[in-house]
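Enquirer: Handing you this structure, nothing more for now.
The numbers here are math on the coordinates, done by the rules we state, and not lab data. Predicted model only: the values in this text are computed from it and were never measured. Positions of Cβ are backbone-derived with ideal geometry, glycine not excepted, and every protein chain shown enters the neighbour counts.
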Amino acid sequence: MAFTAKDVADLRAKTGAGMMDCKNALKETDGDIEKAIDVLREKGLAKAAKKAGRTAAEGVVLAYSDDNGATVLVEVNSETDFVAKNEKFRDLVLGVAKTVAANDPATVEELQEMTMVGKDETVAAAFQEAVLSIGENMQIRRFVRVTDPAVTYIHGGGSVGVIVTFDAPAEVVGADAFIEMGKNVAMQVAAMSPEYVRQSEIPAEELAKLRNITIESALNTPDSLPRPILNKVISKAIEDGLLSEADLAAYEAEKNNKFLFNFLSKEAVAAFAGVAVSFKETFLGDMIFNKAVEGRIAKQLKEICLEDQTYVKDDKYNVKGYVDSVAKELGVSIAIKSFYRYAKGEGIEKRNDDFAAEIASMVK
């Protein structure tokens, strides 16, 4: 599969890795961006591979709850931020949310054929009219509708929206303490962008993939290896004559320094990584190495699972502990059931108009 300069740029935006690293990863994976992300993560080069992508499109994320127990989160995109702040546009988005709440459509296409709440025309017709009136393209991107007890949070005027649903007794759902707790959890989701509620929800294949990537990353970043493992790697590299005289001298002078790698060349670090990778099967049977890998995995799971994340407003709790503390005060049992997080324009590449180039082309 061939790849383009745009693919390299996209991979850079998604991972934060260097241009040549991205190019080499795409070469290695025949242009498959998702596989290239995994390659960069394994090599310890991706800084933000789990992140969702560039947020570039404009529009708004809006939350709405009706009197019948339905709660809706909807994202509608526009071409410019100026239009996204337009009152007519906001009213249109609210109409979409009300229509979703009232009719429970399964898809955007089904929603577009429904009569807009408060109007005598379909959602599609209302959008056509708005496009002609406002003069900009607008599209419904996605929505979710829930009927479980839910609390919503909208950040930055609609840049991020969150719904969190709970298993909770009906008698506490309207209580101020429950609503405050739900809002705090929703804010946590908005800020920390977890992927799962709890570890038990992670598919076995994803856990296996996470473990494999963590192992490869550890081997490819030798400075992070446990010292007994690193000493074996260094000894083998020296034995095989893989270090330059300068690196050998630096190692002898600084081998007891915890900042040893600051004194070694990139070539020496690469040689250590090569040795570590070549002894992968041996290290997999090493208790010290496996303990380090499990520690890294546990840290990553704590970051991607909402219940295990440190509660941002009070770090003596994790999120589950915070919810449990509120439940205890209310004298009931409460559990997070699900969450939905929409970031405006997430994963959509915004058109980049180069007006200088356009004018230059016109005067040629």
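Enquirer: How would Arg141, Arg41, Arg211 line up from fewest to most surrounding beta-carbon atoms within 10 angstrom? All intermediate terms of the calculation are to be shown ahead of the outcome.
Expert: Numbers: Arg141 18, Arg41 23, Arg211 15.
Fewest to most other Cβ atoms nearby, the residues stand as Arg211, Arg141, Arg41.
Enquirer: Karplus couplings for segment 305-316 from phi (6.51 cos²θ - 1.76 cosθ + 1.60, θ = phi - 60°), rounded to Hz, Gly and Pro as x?
Expert: In residue order, the calculated couplings are 9, 4, 4, 8, 5, 5, 5, 5, 8, 7, 6, 7 Hz.
Enquirer: Next up: Would you work out the charge dipole size for the chain about its Cα centre, treating the Cβ of every Lys and Arg as +1 and the Cβ of every Asp and Glu as -1, and quote it to the nearest 20 debye?
Expert: Details: 45 positive and 58 negative charges, 197 e Å.
Using only the charged Cβ atoms, the result is roughly 940 debye.
Enquirer: In addition: Give me the net charge for the shell around Asp30: Cβ to Cβ below 15 angstrom, other residues only, Lys and Arg +1, Asp and Glu -1. If you can, show how the numbers build up before the last one.
Expert: On the way: positive: Lys23, Lys27, Lys35; negative: Asp7, Glu28, Asp32, Glu34, Asp38.
With Lys, Arg at +1 and Asp, Glu at -1, the neighbours total -2.
Enquirer: Taking R0 as 35 Å, what's the FRET efficiency between Met19 and Glu245 from their Cβ-Cβ distance, rounded to 0.05? Mind dumping the intermediate values first?
Expert: Working: r = 32 Å, r/R0 = 0.91.
The formula returns an efficiency of 0.65 here.
Enquirer: Counting only residues 5 or more places away or on other chains, whose amide H sits under 5 Å from the amide H of Arg141 once H atoms are built in the peptide plane?
Expert: Glu75, Val76, Asn77
Enquirer: Restricting to DSSP loop positions (anything but H, G, I, E, B) with no more than 12 other Cβ atoms inside 10 Å of their own Cβ, which trypsin sites (Lys or Arg not before Pro) remain in segment 233-312? Before the final figure, lay out the partial values.
Expert: Working: sites: Lys236, Lys255, Lys258, Lys266, Lys280, Lys291, Arg296, Lys299, Lys302; in loops: Lys255, Lys258.
The qualifying sites are Lys255, Lys258.
Enquirer: Where Lys and Arg each count +1 and Asp and Glu each count -1, what net charge lies around Gln139 among other residues with Cβ under 13 Å from its Cβ?
Expert: Details: positive: Arg141, Arg142, Lys344; negative: Glu58, Glu75, Glu79, Glu109, Glu136.
Overall, the nearby charge balance is -2.
Enquirer: Now, a different point. With semi-axes √(5λ) of the Cα gyration tensor in Å as the read-out, I listed (1) 37, 22, 17; (2) 47, 31, 16; (3) 39, 21, 18; which label goes with the value calculated from this structure?
Expert: (2)
Enquirer: Report, in deg cm²/dmol and to the nearest 500, the calculated mean residue ellipticity at 222 nm for the chain, where each DSSP H run with n ≥ 4 adds -39500 (n - 2.57) and the sum is divided by the residue count.
Expert: On the way: 17 runs with 186 residues, N = 364.
Taken over the chain, the calculation gives -15500 deg cm²/dmol.
Enquirer: Between Met287 and Gln300, 0.36 nm times their residue separation minus their Cα-Cα distance comes to what?
Expert: Numbers: separation 13, 0.36 × 13 = 4.68 nm, distance 2.00 nm.
Contour length minus the Cα-Cα distance gives 2.7 nm.
Enquirer: Quick one: which residues, 5 or more positions from Tyr317 or on another chain, have an amide H under 5 Å from its amide H? H modelled 1.01 Å from N in the peptide plane, none for Pro or chain starts.
Expert: Here Tyr311 satisfy the definition.
Enquirer: Toward the positive end of the charge dipole of the chain, about the Cα centre and with charges on Cβ (Lys, Arg +1; Asp, Glu -1), which of Thr71, Ala150, Val185 goes farthest?
Expert: Val185
Enquirer: As a footprinting exposure proxy, order Ile134, Ile334 by other Cβ within 10 Å, with the fewest listed first. If you can, show how the numbers build up before the last one.
Expert: Numbers: Ile134 18, Ile334 21.
Sorted ascending by nearby Cβ count, the order is Ile134, Ile334.
Enquirer: Report ³J(HN,Hα) in whole Hz for each residue of segment 180-192, in order, from the Karplus equation J = 6.51 cos²θ - 1.76 cosθ + 1.60 where θ = phi - 60°; Gly and Pro get x.
Expert: Per-residue couplings from phi come out as 5, 4, x, 5, 5, 5, 5, 5, 4, 4, 4, 7, 9 Hz.
Enquirer: Report the calculated FRET efficiency for Lys27 and Asp223 (r = Cβ-Cβ distance, R0 = 30 Å), to the nearest 0.05.
Expert: Values: r = 26 Å, r/R0 = 0.86.
FRET efficiency, Lys27 to Asp223: 0.70.
Enquirer: Follow-up. For the chain, what relative contact order do you get, as a whole percent, if you take Cα pairs closer than 8 Å and at least 6 residues apart?
Expert: Numbers: 532 pairs, mean separation 74.3, N = 364.
In percent, rounded to a whole number, it is 20.
Enquirer: Report ³J(HN,Hα) in whole Hz for each residue of segment 235-252, in order, from the Karplus equation J = 6.51 cos²θ - 1.76 cosθ + 1.60 where θ = phi - 60°; Gly and Pro get x.
Expert: 4, 5, 5, 5, 4, 8, x, 8, 9, 6, 4, 5, 5, 4, 5, 5, 5, 4
Enquirer: Continuing with this model, one more query. Please list, in chain and number order, the residues 5+ apart from Val160 or on another chain whose amide H is under 5 Å from its amide H, with Hs placed from the backbone.
Expert: Under 5 Å from the amide H of Val160: His155, Lys344.
Enquirer: If each of Val108 and Asn257 carries a label point 7 Å out from its Cα toward its Cβ, how far apart are those two points in nm?
Expert: About 5.6 nm separates the two model spin labels.
Enquirer: Give me Leu207, Leu330 ranked fewest to most by other Cβ atoms within 10 Å of their Cβ, as a rough exposure proxy.
Expert: Working: Leu207 13, Leu330 17.
Final ranking by Cβ density, sparse to dense: Leu207, Leu330.
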